[in-house]
Every structure is written in structure tokens, then in C-alpha cells.
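Nothing in this text is a laboratory measurement; each read-out follows from the coordinates by a stated rule. This structure is a prediction, so every number in the text was calculated from the model and none was measured. Positions of Cβ are backbone-derived with ideal geometry, glycine not excepted, and every protein chain shown enters the neighbour counts.
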Amino acid sequence: MPTLLKVHGSANQFFILDQTTLNQSLTDAELASLAQQLTDPQDGLLGGADGLLVVNKPTRPGSQAQMRVINADGSEATMCGNGLRTVARYVAERDGLDHFAVDTLDASLQVRRQPDLADGVPAFAVEISPVRFNREALPYEKLGHDRLLGTPVPEIWPQLTFSAIAVPNPHLISFVDRPALQDDVLGVIGKRLNGANPYFTDGVNVNFAHILGQNQLFVRTYERGVGFTNACGTGMSATSLAFVLLHPDQASFNQPIDVFNPGGKVRTIVHYEDQHYWIELIGNATFTERITVDEVDLHQANVKPGQVQVESTGEQAAYQAFVNQLPHFDLVD
């Protein structure tokens, strides 16, 4: 019988489905329905999740696998950095590899095993690219600028500046003070720009960042198709790039940046090579449960607690011990 994995990167939770193990792959409509059913916090499995990660055969020469990201609302994301780390670990263990490429919708991305963050906390590094700044890559309209990089945008919010970076997921970033992290501005902006609006008609991930010190950030994200999430890998990567570009006195290229979030911590390294930007995202790849399920139930989006066998891996305790020893900034209520 097929097996689902419940996983997380920085407490950004997913289910992994390896379609290469199935007798028949799910259709796109079936994947959307399954993601909505599995991830529902009330009626889903194991308290729900932020999305479904689908592992397929590779689509480009030289890659080991393909990853598709189905959000909790059934929409598809171009990429997910936290999710890619967990898929990288899954494929690495499945195929006995430490360094390989995984196809996403827009690119083939390099992934590699890293030393454990702590005892029992496996870690992987993943490539976040391509990076684009142009308006069409997000896309956005009617904001009076072809590029946003530390730009006042009164149409979105007064007295804040914004950067728009696609990595390739679209991200809107604002560096804010501590009170702005604790009030409801991020939620108001996130809901507005991910509903019917004249600016980001396809929606956008919104990130508020607070500078903690040299090469240190705290990032909170309102994720397109999800809402508030414990962490967003591409969001932390895009924000790290904006950090280096806008605050060169506090962050540098090719130097590790510690990025804290409500779910824990990752490390990023921003690169500029051959006139191209890319970001390395390094963090945990934790498997919390293995779920044995009937393939028919997958196709019918009918994966219910009483119909599956769940085996705990015990890894969450190790991850929680790692998080407990991190600095606590108390930046989010």
C-alpha cells in the first residue's frame, strides 16, 4: 500500500506523496481535492498542513525527481523552499544520494545534504532561483513603478517601503519595526492582496522582516494560498536578498544569514555570480509521521484517520529540543 509522509521545514508542514509508487498517478483535479482534504485543520489528517508535496519522475535531463507544490486551497505554487528540503531528504534516502537536482515548475534546482542541525535533526541545503525583479515576473499593476526595491508604495500602506522579488514565487517584502510585527497590518495587507484587488491580480506572498543584528533577521509571512504560516522558505530567501541589497552595512553576500521565524530558524547565503542572483536555503527536513493509505482513497480524496495506519518517527521531539535552545525574540504575539 502507498505511504504518505507528514513532514516539515521550520514548522512549515506538508504531506509528501510519491506518485512513482502508485499504480496510477492522480490527475491534477484529484491532487487539488486531496490537498484540500488532507490539509484541512479540522477535518484533515493529523491536524492538517500547509500543503501537499507531490514527487514525480523528473521532467528535465540530469534531474533525479520532480516536485509539485499543491497549496491548502488546491492551487499550485511554483516552488516551496521549506518543502523542497523535505523532498530532497526523501529522494536522497529513497535513492541513496547526497547531492542532486530536483525539477520544479520553473527550474531544476540543486539540493545537497548538510550536517545535522542537532542530534536527530537532519538538514538539507537547496538552491532558490531564478531571481527576477521586473514587474511582469510578480506580476503587479497600477503601482506607478516597474520595479519595487525599498520603494514607498502608498497604494499598499502608508509609511512603509516595499520590495517585490520573484524567486520564482512572488514576494512582497517590507522591513518593519517590532510593533509592526505584532499588530495586524501584515494580515490586513496579506488578505487584501490575495483577494480581489487591482494590484497583485494573481496574489502575492507578503513578508514583514525585522533586523535583529548583523546578518540576523526575523521574518513573518502571509503566504498566498495558505495565510499566516510558521515559515516560508522562498519568503525568507527573497527577504535575505533584499536585506543584502538594501542594508549592506548589516548583511553581506556569501555570508551566512540567520533567519528566525515563528517556526524556528534557517540559514541563508545570498550569492551573485555571473550577473545572476541566487540564494542557498539551509534548514531542517523533519519527518514526523508515516501514513499507510489505500490508493483508492487517495484518488477519492478520502484519507480519514480511521482508514489509515499512522507511525510516528519520533523526530519531532528532537526538532523541538533544537528550537527550545534557540534565542527567543518574542516578536510575534
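In sequence order, the stretch 49-56 has phi-based couplings of 6, 8, x, 10, 9, 10, 9, 10 Hz under the Karplus curve 6.51 cos²θ - 1.76 cosθ + 1.60, θ = phi - 60°, and Gly or Pro positions carry x. Derived scalar couplings between HN and Hα for the stretch 92-109 equal 4, 6, 5, 10, x, 10, 10, 8, 6, 10, 10, 6, 10, 4, 9, 7, 9, 10 Hz in order, rounded to whole Hz, by the Karplus curve 6.51 cos²θ - 1.76 cosθ + 1.60 (θ = phi - 60°), x for Gly and Pro. Overall, the stretch 135-276 carries a charge dipole of about 280 debye about its Cα centre when +1 sits on the Cβ of Lys and Arg and -1 on the Cβ of Asp and Glu, all other atoms neutral. Placing +1 on the Cβ of every Lys and Arg and -1 on the Cβ of every Asp and Glu, with no other charges, gives the chain a dipole of roughly 380 debye about its Cα centre. With the simple spin-label model, which puts each label point 7 Å out from Cα in the Cβ direction, the Gln214 to Lys191 separation comes to 4.2 nm.
Straight-line cross-link reach from Lys265 at under 29 Å between alpha-carbon atoms covers these lysines, not counting any fewer than eight positions away in the same chain: Lys6, Lys191. Cross-link partners for Lys142 among the aspartates and glutamates, with Cα-Cα distance under 16 Å and sequence neighbours closer than 8 places in the same chain left out: Glu155, Asp202. Residues whose amide H falls under 5 Å from that of Leu160, counting only those 5 or more places apart or on a different chain, are Val153, with hydrogens built in the peptide plane.
What is the helix-to-structure angle for 233-246, meaning the angle in degrees between its Cα long axis and the longest Cα principal axis of the chain, kept from 0 to 90 and rounded to the nearest 10? Approximately 20 degrees, to the nearest ten.
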